[in-house]
Amino acid sequence: MKKIILLGYMGCGKSTIAQNLSKNTNIPFLDLDKCIEKKANLSINEIFEQYGEIYFRKLEHEMFVELLQSSENSIIGLGGGTPCYANNHELLKRDDVTSIYLKASIETLYNRLVHNKSKRPLIANMNEDEMKEFIAKHLFDRSFYYNHAQHKVAVDDKTVDETVEDILGILA
Ligand SMILES: Nc1ncnc2c1ncn2[C@@H]1O[C@H](COP(=O)(O)OP(=O)(O)O)[C@@H](O)[C@H]1O
Ligand SMILES: O=C(O)C1=C[C@@H](OP(=O)(O)O)[C@@H](O)[C@H](O)C1
Ligand SMILES: [Mg+2]
């Protein structure tokens, strides 16, 4: 069954756009982080705090495989790191997967994340200068994986509805 998979850096809008795309298409959406939280009965912050990032990556990989195995059509919003670990990017190559990279500039990401970092353990304790430098370097490292997506949608200066329209154009 068809999976539409949104990927990209923290704050690019995967969770927000997946939800709105779902309203437009009537295809159910799943947020990978939310699925992990539900299964572990812990928040993402608690998983990082209590078990560390490596354990989180293991849960993330297992949940990604589980969601891909389901027979339902779905829109899946990944976590920012999902394609960058455990060869998860290889799973995007399946015939039943349409993968879309929501591509945002460092500036857009910084502006969105600066007031929205508390639930993102990788950046939660950084000051503004540290965050800007971290995003720049981290995005550079991760772009290799994000560029494995079949499609790219530039999200800078677009409203949620405009990004959803762009994705509908790809899916048409
Ligand atoms: N045009 C936009 N598209 C998507 N998100 C936007 C936009 N403008 C502001 N935002 C905000 O940016 C944040 C994006 O976060 P989220 O959807 O959780 O991204 P991700 O899941 O990629 O980390 C949300 O707080 C959302 O309200
Ligand atoms: O980039 C990352 O490594 C992470 C991104 C988060 O998801 P969002 O991209 O939805 O914030 C979440 O999976 C976790 O905090 C780790
Ligand atoms: Mg998200």
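List the residue pairs whose Cβ atoms are under 6 Å apart, where the first residue sits in the range 83-106 and is over 11 Å from Phe64 (Cβ atoms), the second is open to solvent by 70 Å² or more (accessible area, probe 1.4 Å), and the two are 6 or more positions apart or on different chains.
So the pair list comes out as Asp96/Lys2; Ser99/Gln150; Tyr101/Lys152; Lys103/Lys152.
Which residue out of Lys117, Lys152, Lys103 is under 21 Å from Asn20 (Cα atoms) and within 16 Å of ligand 3 (Cβ to nearest atom)?
Answer to the selection: Lys103.
List the number of the failed condition for Val65; all other conditions in (1) closer than 20 Å to Ala149 by Cα; (2) within 14 Å of ligand 2 (Cβ to nearest atom); (3) part of a helix (DSSP H, G or I); (4) without any contact (Cβ under 8 Å) to a residue 60 or more places away in the chain hold.
(2)
Could you check the range 1-35 and list, in sequence order, the residues that are buried (at least 20 other Cβ atoms within 10 Å of the Cβ), over 13 Å from the mean Cα position of the chain (by Cα) and within 14 Å of ligand 3 (Cβ to nearest atom)?
Leu21
With away from ligand 1 (no atom under 16 Å from the Cβ) and either β-branched (Val, Ile, Thr) or touching a residue at least 12 places away in the same chain (Cβ under 8 Å) (or both) as the only criterion, which of Lys132, Lys137, Lys119 stands out?
Going through Lys132, Lys137, Lys119 in turn, the sole match is Lys132.
The values are calculated or read from the model by the stated rules, or taken from the named source; none is laboratory data. Just so you know, these numbers come straight off a predicted model, no measurement behind them. Here Cβ is always computed from backbone atoms with ideal geometry, including for glycine, and neighbour counts include all displayed protein chains. Protein only, heavy atoms only, side chains kept; ligands, DNA and RNA dropped before computing areas. Shrake-Rupley method; radii C 1.70, N 1.55, O 1.52, S 1.80 Å.
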